[in-house]
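Data first, discussion second: the structure below is written as structure tokens.
The values are calculated or read from the model by the stated rules, or taken from the named source; none is laboratory data. Remember, it's a predicted structure, so these values are computed and weren't measured experimentally. Cβ atoms come from the backbone with ideal geometry, glycine included; neighbour counts cover every protein chain shown. When the accessible area is computed, the model is the full protein with side chains, heavy atoms only, and any ligands, DNA or RNA have been set aside. Shrake-Rupley method; radii C 1.70, N 1.55, O 1.52, S 1.80 Å.
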Amino acid sequence: MSATGAVRADAVADGTDLVEAYFERGWTDGLPVVPPTRARIDIMVEALGGDPAFLECKVPPRWGSLTREVLAINLVMAGCRPDYAPVVRAALLALTQTAFNLNGVQATTHMAAPLVIVNGPIAQRIGMNAGHNCFGSGNRANATIGRAIRLVLLNVGGGTPGDLDKATLGHPGKYSYCIAENESASPFAPYHVDKGFAAEDSTVFAIAAEPPHSVTNHVANDARGVLDSIVSAMSTIAHNNAVSSGHCAVVLGIEHARTIAGSGWKRADIRHYLWDRARNRFGDLAFEHRYGRIHNRNLPAWYGRDLESRVPVVPSPDNIHLFVAGGEAGRFSAFIPGWGHMSNPVLRGIDGAAPVSGPVCVDGACQL
Amino acid sequence: MTLELFDPRGVVEAEARALARRPAALAGLRLGVLDNTKWNANRLLRGATAKLRATHGFAAVTYYRKESFSKIAAPELVDEIAAANDVVLTAIGD
């Protein structure tokens with residue numbers, strides 16, 4: 001007996017080009033989808049624990065109901081293997097936590113897209129790429145997990161460009177924006193362990209984010225030198241953190257991470273140094289008041305507003321989310337600005353994993 | 001022999017609600033102004049309020065602020081606005 005059947009299925013004539021049929025209905029991210037069959041949907045529902053009518057969450061701004069069957073359909077369309085399903089589900093449960101404000105992320109004129117970073121053993125088990133070109137193309141797990149998330153945001157969430165998605169420009173991560181932390185090559189504790197999960201647990205971290213900004217440094221052989229380049233990338237008035245505060249991410253390349261670790265610095269040292277040094281002059285943010293007096297209510301009340309005040313890029317070192325990723329070769333890192341105070345990143349255990357210590361977490365998800 | 005197309009959108013379960021009746025005139029009513037905290041919302045709303053006030057003569061004008069332009073207003077704030085006002089003016093100002 002089929003596990004599915006609740007979802008409406010239109011009968012079309014044998015010989016119909018199904019890829020074109022999905023395009024015609026607008027049920028795509030602009031790329032050809034894998035046409036779901038009953039058999040493939042059933043396998044995917046089983047991978048999600050059966051019970052096809054089980055409601056996982058509702059997805060704004062359309063607030064469509066994401067049942068396991070609907071999720072399974074989108075997973076098949078994206079090209080996922082069944083063992084990717086728990087990662088996609090955890091990511092969508094993280095994105096639909098109130099703190100993330102997916103309604104705003106989907107609808108904003110800003111280019112933000114949810115970035116998902118996977119930690120723990122599941123990343124290696126399903127073959128995710130945490131190494132060379134991890135933000136780029138070429139790996140099925142990274143590509144299709146991110147794509148499945150996007151298809152759900154489009155199909156169930158109604159984030160259709162120009163309709164409920166009002167992004168002025170968008171960015172390429174709106175096709176797929178998903179990597180794993182390179183735990184095996186990192187000299188530091190994994191991100192999720194830093195946040196209170198056990199190393200053998202697997203998690204998804206989600207942040208509404210701009211694209212990665214490359215940070216090059218082929219000169220410095222100590223922590224301060226490498227980090228000063230990241231400080232430079234952070235200290236501009238153009239990204240959204242500068243004017244809207246909130247959270248951001250920093251991804252250290254392997255060579256940079258090893259250089260920093262060689263100076264004896266730990267994760268907390270890195271985050272505190274970046275927070276302390278990355279600053280904008282308030283006068284630059286206010287354009288010297290030449291377009292009218294600017295206070296900027298979206299920056300914390302405690303920031304100085306004198307023209308010469310040096311204001312932080314994010315309000316606290318804890319608002320800098322630090323990961324290590326990339327290939328063995330290359331002295332590059334990345335700064336990834338967030339959307340702003342309007343969205344809070346979420347860290348969530350996969351398949352019910354809960355933190356053993358650390359921040360306040362409810363129902364397996366932590367508001368960061 | 002036929003093929004099947006599966007709808008990937010999920011069902012929307014929503015209740016349709018009618019809009020509030022429009023008042024015939026504004027004179028003597030209590031006006032609430034809801035600032036969503038966007039960059040220029042304050043400026044836009046204060047200008048619009050001044051013009052409306054000069055034309056219609058409200059009984060009272062009360063200014064409110066949302067915590068975040070991107071999030072819905074807190075339910076307590078909505079209740080407070082509904083209880084203390086007859087009409088509400090809001091806008092975004094990017």
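Tabulated data
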read-out	value
Qualifying lysines (Cα of each under 20 Å from Cα of residue B:51; at least 8 residues distant if same chain)	none
Where only alpha carbons of chain A are counted, the Rg and the Dmax (Å)	21.1, 71
Nearby lysines by direct alpha-carbon distance to residue A:195 (threshold 24 angstrom, same-chain neighbours under 8 apart not counted)	A:266
Straight-distance crosslink candidates among lysines, where the alpha carbon sits under 17 Å from residue B:66 and sequence neighbours closer than 8 are dropped	B:38
Solvent exposure, largest accessible area first (probe 1.4 Å, DNA, RNA and ligands not counted), of A:332, B:58	A:332, B:58
Mean Cβ count within 10 Å, highest first, over the residues of peptides A:18-25, A:232-239	A:232-239, A:18-25
Total charge dipole magnitude, the range A:17-64, about the Cα centre, Cβ charges on Lys, Arg, Asp, Glu only, Debye to nearest 20	160 debye
Check: chain A dipole with +1 on Lys, Arg Cβ and -1 on Asp, Glu Cβ, in debye	760 debye
Nearest-20 debye value, the range A:189-331 charge dipole, Cβ charges on Lys, Arg, Asp, Glu	440 debye
Efficiency of FRET from Cβ geometry, residue A:219 and residue B:46, R₀ 51 Å, rounded to 0.05	0.45
Signed unit charges on C-beta, dipole axis of the range B:32-94, positive-most listed residue B:61, B:48, B:83	B:48
Distance in nm between pseudo-label sites at residue A:163 and residue A:19 (7 Å out along the Cβ direction from Cα)	2.4 nm
Distance between modelled label sites at residue B:26 and residue B:61, nm, 7 Å Cα→Cβ extension	1.0 nm
Range in chain B, longest, excluding exposed GluC sites (Glu not before Pro) [loop by DSSP; at most 16 other beta-carbon atoms within 10 Å]	B:16-66
Neighbour net charge for residue B:68 - beta-carbon separation under 13 angstrom, K R +1, D E -1	+3
For the range A:158-298, alpha-carbon Rg over 2.2 N^0.38 Å	1.24
Solvent exposure, largest accessible area first (probe 1.4 Å, DNA, RNA and ligands not counted), of A:183, A:46	A:46, A:183
Relative contact order %, the range B:32-94, counting alpha carbon pairs below 8 Å whose residues are six or more apart	62 percent
Bridge type composition, the protein assembly as shown - antiparallel percent by DSSP, nearest 5	65 percent
10 Å-binned pair-distance histogram of the range A:34-101 (Cα, whole percent)	22, 54, 22, 2
Among A:324, A:185, A:74 the positive-end extreme of the charge dipole of the protein assembly as shown (Cβ point charges)	A:324
The range B:32-94 - Kirkwood radius from inverse mean 1/r over Cα pairs (Å)	12.0 Å
Cβ neighbours within 10 Å from other chains - mean over B:63-71	4
